[in-house]
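J.: Structure below; questions to follow.
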Amino acid sequence: MAVQISPSILAADFARLADEAAAVPNADWLHVDVMDYHFVPNLTLGLPVVEALRKATDKPLDCHLMIADPDRWAPRYAEAGAGSVTIHAEAAKAPIRTLREIRALGARAGLALNPATPVEPYEDLLEEVDMLLLMTVEPGFGGQKFLEMVLPKVRRAREMVSRHGGRVWLQVDGGIDEDTIGRCAEAGADVFVAGSAVYGASDPVEAIDKLRAAADR
Ligand code: DX5
Ligand code: ZN
């Protein structure tokens, strides 16, 4: 599958979100990090902001829910018009039901794993999933250093996905930049979240082009 880039608005100016969305016309998605002070020690934004963003941009929204009760809230993000809703395996109490609800509401269903969470136990869930997100930092903050130790898991996840027909997208999130993206792509990732590397750059459009080129090499 072609490389996809999903800039994280966590690194954007929250006071100018509509402009920041418009600043990345060559992005495939807009990655929206929802945090609740419970699942992670940080608080960002929630449903009202996603609803407002939905009206402010045509980009599909890639909502990454780092929240304690995704079973309750994930369907609401799909209803709010998210193109993709990703829940954390560590937080979901009924992941199969929740993933099915997300899909039934017309969004792609994503399952995220923290760096220390093994991927193997989730092989049987792949049928319920449109995207597997492997965190390459501990979730909670932008601008952290990429964890190289996750790369073997990306490789194993790619093998798993291939065994099941290769339909599931493999996303990485955290510390993705021009240096690390190539190693992730080589390991089998195909959807790349980048916060600081895009919104921290003086020219976000050029930054996305460079990331895409580095992943394609
Ligand atoms: C971290 C978030 C990431 C974050 C990535 O918990 O899930 O999406 O915005 O930021 P960078 O690319 O700066 O590591
Ligand atoms: Zn994220």
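J.: Where in the range 121-217 are the strands (runs of 3 or more DSSP E), entirely inside, with at least 2 residues that are more than 14 Å from ligand 2 (Cβ to nearest atom) and in contact with a helix residue (DSSP H, G or I) (Cβ under 7 Å, 6 or more places away or on another chain)? Don't jump to the end; show me each part of the working.
T.: Details: elements: 131-135, 169-173, 191-194.
Per the criteria, no element qualifies.
J.: Quick one: would you say residue 78 is part of a helix (DSSP H, G or I), away from ligand 1 (no atom under 16 Å from the Cβ), touching a strand residue (DSSP E or B) at 6+ places or on another chain (Cβ under 6 Å) and at pLDDT 95 or above?
T.: Details: part of a helix (DSSP H, G or I): yes; away from ligand 1 (no atom under 16 Å from the Cβ): yes; touching a strand residue (DSSP E or B) at 6+ places or on another chain (Cβ under 6 Å): yes; at pLDDT 95 or above: yes.
Yes.
J.: From the list 131, 149, which residue is modelled with pLDDT of 95 or more, among the aliphatic types (A, V, I, L, M) and within 25 Å of residue 60 (Cβ to Cβ)?
T.: Result: 131 is the single residue among 131, 149 that is modelled with pLDDT of 95 or more, among the aliphatic types (A, V, I, L, M) and within 25 Å of residue 60 (Cβ to Cβ).
J.: Additional query: Given the criterion in a helix (DSSP H, G or I) and under 22 Å from residue 141 (Cβ atoms), identify the matching residue among 53, 99, 65.
T.: Values: 99 fails: under 22 Å from residue 141 (Cβ atoms); 65 fails: in a helix (DSSP H, G or I).
None of the others qualify; the one that does is 53.
J.: May I ask you to list the residues in the range 26-50 that are assigned to a loop (DSSP other than H, G, I, E, B) and over 18 Å from the mean Cα position of the chain (by Cα)?
T.: Within the range 26-50, the first condition is being assigned to a loop (DSSP other than H, G, I, E, B), and the residues that meet it are 26-29, 37-42, 44-46.
Once the filter is applied, which keeps residues that are assigned to a loop (DSSP other than H, G, I, E, B) and over 18 Å from the mean Cα position of the chain (by Cα), the range 26-50 yields 37, 38, 41.
J.: So if I check each of 11, 22, which one is under 18 Å from residue 197 (Cα atoms), small (Gly, Ala, Ser) and more than 16 Å from ligand 2 (Cβ to nearest atom)? Break it down stepwise before answering.
T.: Working: 11 fails: more than 16 Å from ligand 2 (Cβ to nearest atom).
Only one candidate passes the filter, namely 22.
J.: Of the conditions (1) touching a Cys at 6+ places or on another chain (Cβ under 9 Å); (2) within 19 Å of residue 61 (Cα to Cα), residue 112 fails just one. Which one is it?
T.: The failed condition is (1).
The values are calculated or read from the model by the stated rules, or taken from the named source; none is laboratory data. Keep in mind that this is a model prediction, so the values were computed, not measured. Cβ: placed from backbone, ideal geometry, glycine included. Neighbour counts: every protein chain shown.
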